[in-house]
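Colleague: Before we start, here is the structure in question, set down as structure tokens.
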Amino acid sequence: QVQLVESGGGLGEPGGSLRLSCAASGRIFSINTMGWYRQAPGKQRELVAFISSAGGSTNYLDSVKGRFTISKPHANTVLLQMNSLKPQDTAVYYCSVYQGGRRYWGQGTQVTVSS
């Protein structure tokens, strides 16, 4: 089993910054993909960014490219630095790990961008 705990959400201002953190525990494989998804009210969940287990490969949703940065400072930790926030970034953000043919989810953290 894998447990994921997100932190760092909250209220941000347009043009401001927030940083999300996800700590994974349990049976973490050496080879996996960690990432962040988000789901806004009335919309489908979408992939925001993911990073390979070695941290050498990243990918981003087009609308966040150049504003968000995903990183993996430790094997079991993934961060999402969100800069130049926009109101349309408002959503519940979920940390996710994909390994061994299974996807695991965190409980989600609310990010609200408003002035």
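Colleague: Among the residues that make up segment 96-108, is at least one of them of a type outside the set (Gly, Ala, Ser) and under 26 Å from Gly15 (Cα atoms)?
Modeller: Checking segment 96-108: not a single residue is of a type outside the set (Gly, Ala, Ser) and under 26 Å from Gly15 (Cα atoms).
Colleague: Let me ask you something else. From the list Ser63, Ser114, which one is open to solvent by less than 70 Å² (accessible area, probe 1.4 Å) and either touching a Cys at 6+ places or on another chain (Cβ under 6 Å) or free of Cβ contacts under 8 Å to residues at least 60 places away in the same chain (or both)?
Modeller: Among Ser63, Ser114, only Ser63 is open to solvent by less than 70 Å² (accessible area, probe 1.4 Å) and either touching a Cys at 6+ places or on another chain (Cβ under 6 Å) or free of Cβ contacts under 8 Å to residues at least 60 places away in the same chain (or both).
Colleague: Condition first: under 20 Å from Ser57 (Cβ atoms) and out of contact with any Ser or Thr (no Cβ under 8 Å at 6 or more places or on another chain). Now tell me which residues in segment 33-47 satisfy that.
Modeller: Those that are under 20 Å from Ser57 (Cβ atoms) and out of contact with any Ser or Thr (no Cβ under 8 Å at 6 or more places or on another chain): Glu46, Leu47.
Colleague: Within segment 69-88, work out how many residues are within 18 Å of Cys22 (Cα to Cα) and either in contact (Cβ under 8 Å) with a residue 60 or more places away in the chain or crowded, with 21+ Cβ neighbours inside 10 Å (or both).
Modeller: The qualifying residues number 7.
Yes or no, residue by residue, for (1) closer than 15 Å to Gln107 by Cα; (2) basic (Lys, Arg):
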| residue | (1), (2) |
| --- | --- |
| Gly8 | yes, no |
| Arg27 | no, yes |
| Glu46 | no, no |
| Ala49 | no, no |
| Asn59 | no, no |
| Val64 | no, no |
| Leu80 | no, no |
| Pro87 | no, no |
| Val92 | yes, no |
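Colleague: Please specify each residue of segment 68-110 satisfying the condition of being of a type in the set (A, V, I, L, M), farther than 23 Å from Gln44 by Cβ and at pLDDT 95 or above.
Modeller: Leu79
Colleague: Could I ask something else about it? Output the number of residues of segment 1-52 satisfying the condition of being closer than 11 Å to Tyr93 by Cα, open to solvent by 40 Å² or more (accessible area, probe 1.4 Å) and aliphatic (A, V, I, L, M).
Modeller: 1
Colleague: Which one of these does Gln1 not meet: (1) polar (S, T, N, Q); (2) under 21 Å from Leu61 (Cα atoms); (3) at pLDDT below 95?
Modeller: Of (1) polar (S, T, N, Q); (2) under 21 Å from Leu61 (Cα atoms); (3) at pLDDT below 95, only one is false for Gln1: (2).
The values are calculated or read from the model by the stated rules, or taken from the named source; none is laboratory data. Every value quoted in this text rests on a predicted model; they were computed, and no experiment measured them. Because the Cβ atoms are built from the backbone with ideal geometry, glycine has one as well, and the counts that use them run over all protein chains shown. Just the protein is used for accessible areas: all its heavy atoms, side chains included, with ligands, DNA and RNA removed. Shrake-Rupley method; radii C 1.70, N 1.55, O 1.52, S 1.80 Å.
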